[in-house]
1. Only residues in region 84-109 that are within 12 Å of residue 179 (Cβ to Cβ) count as the first member; pair them with residues that are modelled with pLDDT under 95 and loosely packed, with under 14 Cβ neighbours inside 10 Å, Cβ under 9 angstrom, at least 6 apart or cross-chain, and list the lot.
2. Within region 135-149, track down each residue that is more than 16 Å from residue 77 (Cβ to Cβ), surrounded by 16 or more Cβ atoms within 10 Å (Cβ to Cβ) and not β-branched (Val, Ile, Thr).
3. Condition first: in a loop (DSSP other than H, G, I, E, B) and either surrounded by 13 or more Cβ atoms within 10 Å (Cβ to Cβ) or of a type outside the set (Val, Ile, Thr) (or both). Now tell me which residues in region 76-86 satisfy that.
4. From the set of residues in region 92-106 that are closer than 18 Å to residue 71 by Cα and surrounded by fewer than 14 Cβ atoms within 10 Å (Cβ to Cβ), which is farthest from the chain's Cα centre (by Cα)?
5. Consider residue 45 against the criteria (1) out of contact with any Gly (no Cβ under 6 Å at 6 or more places or on another chain); (2) β-branched (Val, Ile, Thr); (3) closer than 28 Å to residue 131 by Cα: it satisfies all of them except one. Which criterion is unmet?
6. Condition (residue is surrounded by fewer than 20 Cβ atoms within 10 Å (Cβ to Cβ), farther than 17 Å from residue 186 by Cα, of a type in the set (A, V, I, L, M) and in contact with a strand residue (DSSP E or B) (Cβ under 7 Å, 6 or more places away or on another chain)) applied to region 108-124: is it met by at least one residue?
7. Out of 185, 165, 197, report the one residue that is at pLDDT 95 or above, in contact with a helix residue (DSSP H, G or I) (Cβ under 9 Å, 6 or more places away or on another chain) and of a type in the set (D, E, K, R).
8. I need the strands (runs of 3 or more DSSP E) fully contained in region 119-198, keeping only those with at least 3 residues that are of a type in the set (Phe, Trp, Tyr), closer than 14 Å to residue 42 by Cβ and touching a Leu at 6+ places or on another chain (Cβ under 7 Å).
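The values are calculated or read from the model by the stated rules, or taken from the named source; none is laboratory data. As the structure is a computational prediction, the values presented were derived from the model and not from experiment. Cβ placement follows ideal geometry from the backbone for every residue including glycine, while neighbour counts extend to all protein chains displayed.
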Amino acid sequence: MKKLIPAFIIIVIGIGIVYFMIKQPKPLKIYNPADVNPKLVHESVQDVQKLHRVGSFSLTDQNGNTVTENDFKDKIYITDFFFVTCPTICPKMATQMQRVYTEFKDNDNILFLSHTVMPEKDSVPVLKEYAKKLDVSANKWKFVTGDKKQIYNLARKTYFAAISEGDGGPDDFVHTENFVLVDKEKRLRGFYDGTSEKDADRLIKDIYTLLEEYK
């Protein structure tokens, strides 16, 4: 009987370890250009298989302040592309992003970044009024405008949020429902349909998983 006790303990410990491993959330994938649908990736970076990061940028937020990559240092953030007068997908995206915002409103590790794809119309005052209607904090959720080519390059060459055709010129137009999750190392960790409640729920779950990675 005494010989059976150690074996029993080993079995119990083994079961406990297996249960713990099963319960642990699977780490999120790190996306590089080669991992993403080529239609969403600019041809200049399609073959990049590792070390993709969000690079430098300089835009202007709803309060007229300059926003750069440094504002997101050591932060997890969710980004998207929209325009204020969009009558179709953007209102749905705003609704779902607000749900995510509300979930992490009090978590200082999480920020939000929304780029207008119509910077010629979505000026600082227009963005300020839009943010006011959504009742969100400018410190938490930044709506940015700026140079159109820079914004469109971010969509196509950095975040892979939009169909890659176009040069950011006067006749170019990006219209995408994608939300992108970015980690503290500025790596891409997930893509989501911003018009979908189900995908917004998945995003919320993935943010919690990502937060676990930094504990």
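1. Short answer, once both residue conditions are applied: none.
2. First pass over region 135-149, keeping only residues more than 16 Å from residue 77 (Cβ to Cβ): 135, 145-149.
Now restrict to residues that are surrounded by 16 or more Cβ atoms within 10 Å (Cβ to Cβ): 145-146, 148.
If the condition is that a residue be more than 16 Å from residue 77 (Cβ to Cβ), surrounded by 16 or more Cβ atoms within 10 Å (Cβ to Cβ) and not β-branched (Val, Ile, Thr), then 146, 148 are the ones that fit.
3. Restricting attention to region 76-86, the residues satisfying the condition of being in a loop (DSSP other than H, G, I, E, B) are 83-86.
83, 84, 86, listed by residue number.
4. Quick first cut of region 92-106, residues closer than 18 Å to residue 71 by Cα only: 101, 104-106.
Subsequent filtering for residues that are surrounded by fewer than 14 Cβ atoms within 10 Å (Cβ to Cβ) retains 105-106.
Values: 105: 15, 106: 18 Å.
Going through the qualifying residues, I end up with 106.
5. If we test residue 45 against (1) out of contact with any Gly (no Cβ under 6 Å at 6 or more places or on another chain); (2) β-branched (Val, Ile, Thr); (3) closer than 28 Å to residue 131 by Cα, just (3) comes out false.
6. yes
7. Numbers: 185 fails: in contact with a helix residue (DSSP H, G or I) (Cβ under 9 Å, 6 or more places away or on another chain); 165 fails: at pLDDT 95 or above.
Result: 197 is the single residue among 185, 165, 197 that is at pLDDT 95 or above, in contact with a helix residue (DSSP H, G or I) (Cβ under 9 Å, 6 or more places away or on another chain) and of a type in the set (D, E, K, R).
8. Values: elements: 141-144, 178-182, 188-193.
Result: empty, no element qualifies.
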